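Structure record follows, encoded as structure tokens.
The values are calculated or read from the model by the stated rules, or taken from the named source; none is laboratory data. Given the structure is predicted, the values throughout are model-derived calculations rather than measurements. Because the Cβ atoms are built from the backbone with ideal geometry, glycine has one as well, and the counts that use them run over all protein chains shown.
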Amino acid sequence: MTNTDQLVLTGPVGATASFNGKEYLYFGGTNYLGFADRIELQQGAVEAVKKYGSSFSASRETSGTGLLHLELERKLAQFKGTENACIYVSGYLGNQILLSVLANPGDVVICDEWAHPSILEAIPRTVKEVRFYGHHDLEELAKLVRGLDRAIIALNGVETGTGEIAPLKEVLDILPEGDFQILVDDCHATGILGEHGRGTPEHYEIRSPNVYQTETMSKALGSFGGFIAGSKEFCDRIRETATTDIGSTPLPPAVLGACLAAIDLVMRESHLRQRLRDNAEYAASKLTDLGFQASFYGTPILFISNLDESGAKKLHLRLREAGIIVPFVHYPTSDSPGRLRLVVTATHTKEETDRLCNGLKHA
């Protein structure tokens, strides 16, 4: 990529965004509910900095726990309907933190072949074996767990490149009796799926003590940082034993202030989830009318499956010339074929979606 190709943000992210000093209609990123440029988050960040400064300047194990950390953990537990929650500095680290607590020496970890890199990098060296099953291939998963009495199953709740929702209920149904735990990387589901926006398990009305979610505040919630919600005993166990969390300087005041505002919004403005689904379904229908195979799974991410890498790249560049950004990405890995990652948000209007479709029609 040359400097002229790189998209550099020069303003806030919304349904439109400024890149390299030019305003574009924006159908990318992860600002699913439109929180990233909400005034409530900005005010929360500013007020927190004014009161607490720019950093807590110590780990939480020593003297770096602020009232804002405790308030955010309390509010996240309220949002999730759990006893407790623990926050950490990046959603990407969540799987390492969770697996460091869940996995025992000699365990078997079984991953969907599209499991996020943060899952694969987080698997402890002490596990006995790592197995993979084909993407959402339940028959192969059933074969891999046969004969086991304990394993950790790791998968993505929502696929970041396609928008598919993991068949979590079916995964639970095929597991034999025993000590099986399921890790769900739900970073693209938090705030989006379920009646209250609690993610993939709520989407399927699953309440199981064997299902663990790692979640983020940097996507639909419009701020930054990760969290795990659960029982007080389990969250305390994370705080006491997860060295990745223990050794990190915690989230700074500005981020905490924005996160607190975001949790208020996601609990109060539940209508945004329905608007998001309606907007994405409308876009998928319009794209289908144009001859694109645009799969809609009930999430904001639309995958156009009848474009090869060359066609996707050309469309990306032509849309960019027309003042529309639809990112061209390689997914699920950097050596995978390139594709368009088209994201519709709760703040896009039908007129903006029509403009996107008109641009695709003439590209």
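For beta carbons closer than 8 Å, sequence separation of 6+ or different chains, a first residue in segment 203-219 that is within 13 Å of residue 259 (Cα to Cα) and β-branched (Val, Ile, Thr) and a second that is assigned to a loop (DSSP other than H, G, I, E, B) and at pLDDT 95 or above, the qualifying pairs are 216/187; 216/190; 216/225. Per the listing 276, 260, 290, the residue uniquely touching a Ser or Thr at 6+ places or on another chain (Cβ under 8 Å) and in contact (Cβ under 8 Å) with a residue 12 or more places away in the chain is 276. Scanning segment 219-251 for residues that are under 17 Å from the mean Cα position of the chain (by Cα) and buried (at least 21 other Cβ atoms within 10 Å of the Cβ) gives 219, 220, 221, 222, 223, 225, 226, 227, 228, 229. Would you check if there is a residue in segment 329-351 being modelled with pLDDT of 90 or more, in contact with a Lys or Arg (Cβ under 7 Å, 6 or more places away or on another chain), surrounded by 18 or more Cβ atoms within 10 Å (Cβ to Cβ) and among the β-branched types (Val, Ile, Thr)? No, because not a single residue in segment 329-351 is modelled with pLDDT of 90 or more, in contact with a Lys or Arg (Cβ under 7 Å, 6 or more places away or on another chain), surrounded by 18 or more Cβ atoms within 10 Å (Cβ to Cβ) and among the β-branched types (Val, Ile, Thr). When only residues in segment 76-116 that are surrounded by fewer than 21 Cβ atoms within 10 Å (Cβ to Cβ) and hydroxyl-bearing (Ser, Thr, Tyr) count, which is nearest to residue 255 (Cα to Cα)? Among those that are surrounded by fewer than 21 Cβ atoms within 10 Å (Cβ to Cβ) and hydroxyl-bearing (Ser, Thr, Tyr), it is 90. Restricted to strands (runs of 3 or more DSSP E) entirely inside segment 56-151, those with at least 2 residues that are touching a residue at least 24 places away in the same chain (Cβ under 8 Å), farther than 30 Å from residue 265 by Cα and within 18 Å of the chain's Cα centre (by Cα) are 108-112. Against the criterion of being among the hydrophobic types (A, V, I, L, M, F, W, C) and under 29 Å from residue 101 (Cβ atoms), residue 251 qualifies. The set of residues in segment 17-51 being free of Cβ contacts under 8 Å to residues at least 12 places away in the same chain and under 27 Å from residue 334 (Cα atoms) consists of 18 alone. Of everything in segment 157-194 that's of a type in the set (Asp, Glu) and in contact (Cβ under 8 Å) with a residue 40 or more places away in the chain, which residue is farthest from residue 103 (Cα to Cα)? Looking at residues that are of a type in the set (Asp, Glu) and in contact (Cβ under 8 Å) with a residue 40 or more places away in the chain, I get 164.
Let me spell it out: the conditions are (1) within 17 Å of residue 132 (Cα to Cα); (2) in contact with a strand residue (DSSP E or B) (Cβ under 9 Å, 6 or more places away or on another chain), and residue 174 meets all of them except one. Which number is the exception? Result: residue 174 passes all but (2). Taking the stated definitions as given, is residue 292 within 20 Å of residue 352 (Cα to Cα), of a type in the set (A, V, I, L, M, F, W, C) and outside any strand (DSSP E or B)? In short, yes.
Quick check: anything in segment 239-257 farther than 11 Å from residue 41 by Cβ, in contact (Cβ under 8 Å) with a residue 24 or more places away in the chain and among the basic types (Lys, Arg)? Yes, segment 239-257 has at least one match. Restricted to segment 21-55, and to residues there that are in a helix (DSSP H, G or I) and among the aromatic types (Phe, Trp, Tyr), the residue that is surrounded by the most Cβ atoms within 10 Å (Cβ to Cβ) is 35. Working only within segment 252-289, note down all residues that are surrounded by 14 or more Cβ atoms within 10 Å (Cβ to Cβ) and either among the charged types (D, E, K, R) or part of a loop (DSSP other than H, G, I, E, B) (or both). Matches in segment 252-289: 252, 264, 269, 273, 275, 277, 281, 286.
Just one of the listed residues (192, 206, 182) is surrounded by fewer than 20 Cβ atoms within 10 Å (Cβ to Cβ) and either modelled with pLDDT of 95 or more or within 17 Å of the chain's Cα centre (by Cα) (or both), and it is 206. Any idea which of 185, 236 is of a type in the set (Asp, Glu), touching a strand residue (DSSP E or B) at 6+ places or on another chain (Cβ under 9 Å) and within 18 Å of residue 297 (Cβ to Cβ)? None of the others qualify; the one that does is 185.
Residues in segment 310-328 that are touching a residue at least 40 places away in the same chain (Cβ under 8 Å) and either within 16 Å of residue 23 (Cα to Cα) or in contact with a Ser or Thr (Cβ under 9 Å, 6 or more places away or on another chain) (or both): 318, 319, 320, 322, 323, 324, 325, 326, 327. Quick one: in segment 293-312, which of the residues that are at pLDDT 95 or above and either surrounded by fewer than 20 Cβ atoms within 10 Å (Cβ to Cβ) or among the basic types (Lys, Arg) (or both) is nearest to residue 203 (Cα to Cα)? Among residues in segment 293-312 that are at pLDDT 95 or above and either surrounded by fewer than 20 Cβ atoms within 10 Å (Cβ to Cβ) or among the basic types (Lys, Arg) (or both), the one nearest to residue 203 (Cα to Cα) is 298.
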